[in-house]
Each structure stands twice: as C-alpha cells, then as structure tokens.
1. In the range A:10-24, is there at least one residue being touching a Gly at 6+ places or on another chain (Cβ under 8 Å) and surrounded by fewer than 18 Cβ atoms within 10 Å (Cβ to Cβ)?
2. Could you tell me how many of the residues in the range B:19-62 are more than 14 Å from every other protein chain (Cβ to nearest Cβ), β-branched (Val, Ile, Thr) and under 13 Å from the mean Cα position of the chain (by Cα)?
3. Sort out which residues of the range B:92-107 are of a type outside the set (Phe, Trp, Tyr) and surrounded by fewer than 24 Cβ atoms within 10 Å (Cβ to Cβ), and write them in order of number.
4. So which of B:ALA158, B:ALA168 is in a helix (DSSP H, G or I) and among the small types (Gly, Ala, Ser)?
5. In the range A:1-53, what residues are within 14 Å of chain B (Cβ to nearest Cβ) and polar (S, T, N, Q)?
6. Just to be sure I understand, how many residues within the range B:63-90 are part of a strand (DSSP E or B) and at the interface with chain A (Cβ under 9 Å from one of its Cβ atoms)?
7. I'd like the full set of residues that are open to solvent by 40 Å² or more (accessible area, probe 1.4 Å) and either farther than 20 Å from B:GLY56 by Cβ or touching a helix residue (DSSP H, G or I) at 6+ places or on another chain (Cβ under 6 Å) (or both), limited to the range B:8-21.
8. Looking only at the range A:132-142, decide whether some residue is outside any loop (DSSP other than H, G, I, E, B) and buried (at least 23 other Cβ atoms within 10 Å of the Cβ).
Amino acid sequence: MVKVILRNMWRRKARTFLTVFGIVVGIFALTVLGGLSARLTQQVNGAKSWFTNSISVVPSGGSLFGGENMFFTLDKVDEIQRVPGVKEAVAGIGLFVKDSQNFSFGAPDLIVGLETAGAQDLLKQLNVDEGRSLQSGDKGVVLLGSTLAEKLNGKVGGTVSLRGQEFEVIGILQPTLSAPDTFAFVAYEDALSLFYAANPFIKQTEPIASNVYVTWELGTDPEALAKDIESQVSGVRVISPSEAEKQISQFSLIFNAILFGIAFIALIVGGLSIINTMVMSVSERTREIGLKRAIGAETNTILGEYLLESAMIGFLGGLIGMGLGVLAIFFLNNATSSSNVTVFTVSLTVVIGPVIFATILGTLAGIFPALRAARLKPVESLRED
Amino acid sequence: MSNIVLKGLSKVYAEGETEEVRAVNGIDLEIEKGEFLAIVGPSGSGKSTLLNLVGGLDVPTEGHVLIDGRDTQGLSEKELTRIRREKIGFVFQEFNLLPVLNASENVQLPLRYLKVGTRERERRAAEALELVGLSKRARNRPSQLSGGERQRVAIARALVTGPALVLADEPTGELDTVNTCRIIEVMRKLNDTLNQTFAIVTHDPMVAAYTSRVITLRDGQVESDLAQAAADLHCDDGETI
C-alpha cells in the first residue's frame, strides 16, 4: 500500500518535490525555532529557580533584574527586616557587567553585590564547582557563574576585570544552564563602589541598595509575606516568588508566540500547497478512481488512499525539514560555541514534535481532496479523459 | 435459474431543461449462466448504458436488474459496490490499467478489495495471467505492454475473482484484427473452461459473429435477439494461447 502510494507520488516528481519542499521549509523553521525555544525555556526555568528562592524588593518602578540605576537607602532594608516573618533582608546591588547590554539571550550578564554576612542562606543554594563561595567579610573577590567565567577567561586564583576594577576569582559555579551562569557575585561594598562609579551624580555619603533579597522564616508563606512587606514599607515594589515566575514566564511566552507565529505561517502555506497538489492528483486520476470503484473499491478505501498519500507528503516533508533543522542547530551551536553561547537545545520534543505535526498537517490537508476523490461517481469518472 | 434478469429496465437522462433522453427504454431480457453473447447496435442505441445498469455502475430510472435472483433495486451505493466486487468483472475499451502497478498487481487489485491475503492474491493472479497467456509479463508495467497484452491483463483482472458475470464494453475497440481475434479467443476459452457468463458490447461484426447470441439495440430498445452458431476462430498470427 505504502509502496503504491510512493509510486503514485513519484509520477509527478517535480510537483511532489516542490510540495514536500514547501513542508520542509516550514518544518525546518519550526525545528530551529523549537530548538531556540527549548533553550529559552531551559534558561527561564533556571532563572526561575534562582529568583523564586527569595522575595525581591526593588524601588517602586524597578524590575526583577534591576539595572535601571534606581535605588533606595539602607534604612529601607532595616524596615523590611522588621516585618514579621522575614528571616533575613539582604541588601544587594545589581548592575550590568557592560553598560551597552544589548539584546541578550536569557538572563543578562549581571554583577550581583550581596551583603556577605546576611546572604549566606542565599549563597548556599549555589553549587560551587571550583574554589569556594563568598564568605562573610570577603572583599575584592568574585564568585563567577560558569558562562561568565569562560567569557572573562576567569580562573580560580586569577583576576578578572569588572567595569574597570580588578577582582580576584575565588570560585566558579557549576553550570546550571540558567541565570546564575551569567552572574558575578561580589561583596556589597565592592558593588556599591562600582555603582557609584557608574552613577557619578549620586550623593556618595549614604549607603544604598538597588535590591533587597528577602528570605523567610520556616513556615511562613512567602506570598503573604510579600503582601505584608508591600503594605508596611513605603516606596518599594515587592516581587514575590510567584510574581517573579510570572514575569520570567511572560518574557518567554511572548518570545515563543513570535517564534511559533513565524513557523505557523510557513506551515499554513505548506498545507495549502498540499491541498493544491492533492486536488490536482485527484483530477488527474479521476479515471483510475472510477476504475477502482467499478471493480469494487469502497468509498472509504479511496478516501484512505488519498489521505495516506497526503499524510505521506507531510511526513516526508517533516522528516527532511526536521533533519535539516537539527543539522542547522548543530552547526549554529558549533559556530557560537567559541563565544560560549549556546543558542539552541535539541530535545526529543524538538525532534519528534515537528514530524508528528507535519504528518497531521498533511492528513488534514488531504481531507478535502480525499473526500472529493471518494465522492466521484464511477460511471462519470470512467468517462473522464 | 437465470443468471441475469432485466425487467422493464429504463434509464432517462435529462438533456437541457426540458428535453429528456431515454437511453434505455423498457428492456426485458434474460441471460442464462454460461452464455457468451454480444450486444450490438449503432452509437447512442444504449449499449453502454445497459451494461452500466447491469453492472451496478449506474442505477436505473425504472425497472429491475436481478443478479443470481437478487434484485438490485433500491440498494445503497455500498451494497452495489459489494455486488460489483463479488459478482461482476469489468473489461473496458481503454483497458483502464493502473500505470503504477505491474501486470500482476493490476490483476490482484480486485482481490485486494475482497481482502484476500497477499500469498493467495499472488497465486490467483499468476493463475489468471496464465489463462490469458501472459505469465511472462507479470512483472511488466502497462507502459511496457502492447495494446493486446494490456487488454488481456484487464481480462485477467476481470476474471480473477471468479465473477458470475463478465461485462465487456467494446473490449476490442482499440485493437487491430489479430489482437481482436486473440482477445475473443481468450474470452471464449475462459467461457468454455470456467463457464462464466460474458456479455460483450461491440460494434465489430467479427466479434459478434464469434458469439452464440446477438442482441441488437436501437433507440434504447431491443430490436432483435438472435441465437446463432458461433463462428470458428482462426487467429492467423501463428501464436497459440
């Protein structure tokens, strides 16, 4: 049966090729963008696990990642610390490693300054690969995320330059494929001086924080605590773990919507070309269909034959498109590996999803032509030339 | 019991808005099992329409077709398809072989619709091709066969299911004299050995002469229905089938 269908497709080689190619293009796009999206999701999930471990408090108008050069004075930190349920309110300074941080994939390269004494709970959640973590009283040292370490060519015991200032690398984190990979953890005081350097018009007498990381007492509901902080401390924006998750997801949702929008348009075009090809095949083979009906083929048999042929076009297009897509991902990842950026992830979904999708698309596109074939009247079709 | 009984059979086609054409106009006929007959008549006399009605490819406006005693009146398309599949073999003027299938696969096609298993299909197709003298051409596609060979494949396809009735619509219409003779020879041989009923629509007097009953149609009605002694066949190509 499949053999006969392939032979039928082979009758119009050029047309079949072009139709399959239409699907190949769409599925290629879907696979590559799927790889992009899988990578993004991986990053986002990693970011979530870091950002949902604490309640982030930023100046009202600020955002989760910080970097807007907004800040508040340290008495806010004390105020937050006094809210019941708060275990530790850790003053932090967040600023970008580079000012001209263009569009970045996933989390941006970020200097995260933490009050080393209070931040031990938070720092415990990071797995150090080499060296050690930040300790209370550390100064002039940096704990690097794995990606950033490679980018800055940082080695434990060596030094790296962050915004013009030299730091000794005391530790490098295990790769998480997510947000902390691109972070440089330094002591609060070090980050503060960098912050001042970046914002020369700030009065430099008063210590400030651009964000406050809040951990909670055991048994405290962080969502409720976030609300309490919001109502008891003025001029702050509180981002609870669930809100952080929502913010991060939103970023990926919009991105995914655009990606799949593009792939979808390509596939609608591909689907229409399958319909066109199948309608042409049906009219070319009207006599053959009449003959088959005359010698006893049921309408359902004819329907099945044409649906299968259409599904086959989709399947082949899907297989080839996916293959090319995975190949492209492989080469693109190779090309960017020198700069330590992984842009695509190939998962099982990325591989199997597009092929299944293309087969379903082919089947759906075949419904109309196949119904047309099945409804042909034997006598009239046999008369057709 | 008669193989085929037609009672008051009519087929009316609308032509334009007001005109109607009675392609078949009140035909009564009985055909016995194992008959080898010709249906002749001028173009437009209703020969092909009659054949289509008998074969269940078309439904009559009035009247009845009984195949092996079963009235096909009021049967659904599905049931008509089943009757075609199980009881009837068709041979057409244009052969109507599927170009993507080889001779054997073409012959197997009706068996496939009868859900016969692969091995059995292949065995019966080989038998049928043997009967029409094309064993050696089983693996050839239609495009690699001559017109006469193609029609013999089509005959093998019509016979492979062992139908009660073989309906042939101008089976020799596109063939030369030698091939015409051989096609008739094959059909007569099958009629002799398998005792299947053959109804052959033709406008070729030579073909009609080789049958034992000639029904002449004119304007959708039976003009004459004559039994005759079938002429002896001498196909002068020297090849035996």
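1. yes
2. 1
3. Residues satisfying the conditions are B:GLN93, B:GLU94, B:ASN96, B:LEU98, B:PRO99, B:VAL100, B:LEU101, B:ASN102, B:SER104, B:GLU105.
4. That would be B:ALA158, the only listed residue that is in a helix (DSSP H, G or I) and among the small types (Gly, Ala, Ser).
5. A:ASN8, A:THR16
6. Total meeting the criteria: 3.
7. Residues satisfying the conditions are B:ALA14, B:GLU15, B:GLY16, B:GLU17, B:THR18, B:GLU19, B:GLU20, B:VAL21.
8. Yes.
The values are calculated or read from the model by the stated rules, or taken from the named source; none is laboratory data. These figures come from a predicted structure and were not determined experimentally. As a convention, Cβ positions derive from the backbone with ideal geometry for all residues, glycine included, and neighbour counts pool all protein chains shown. These accessible areas exclude ligands, DNA and RNA; they are computed on the full protein's heavy atoms, side chains included. Shrake-Rupley method; radii C 1.70, N 1.55, O 1.52, S 1.80 Å.
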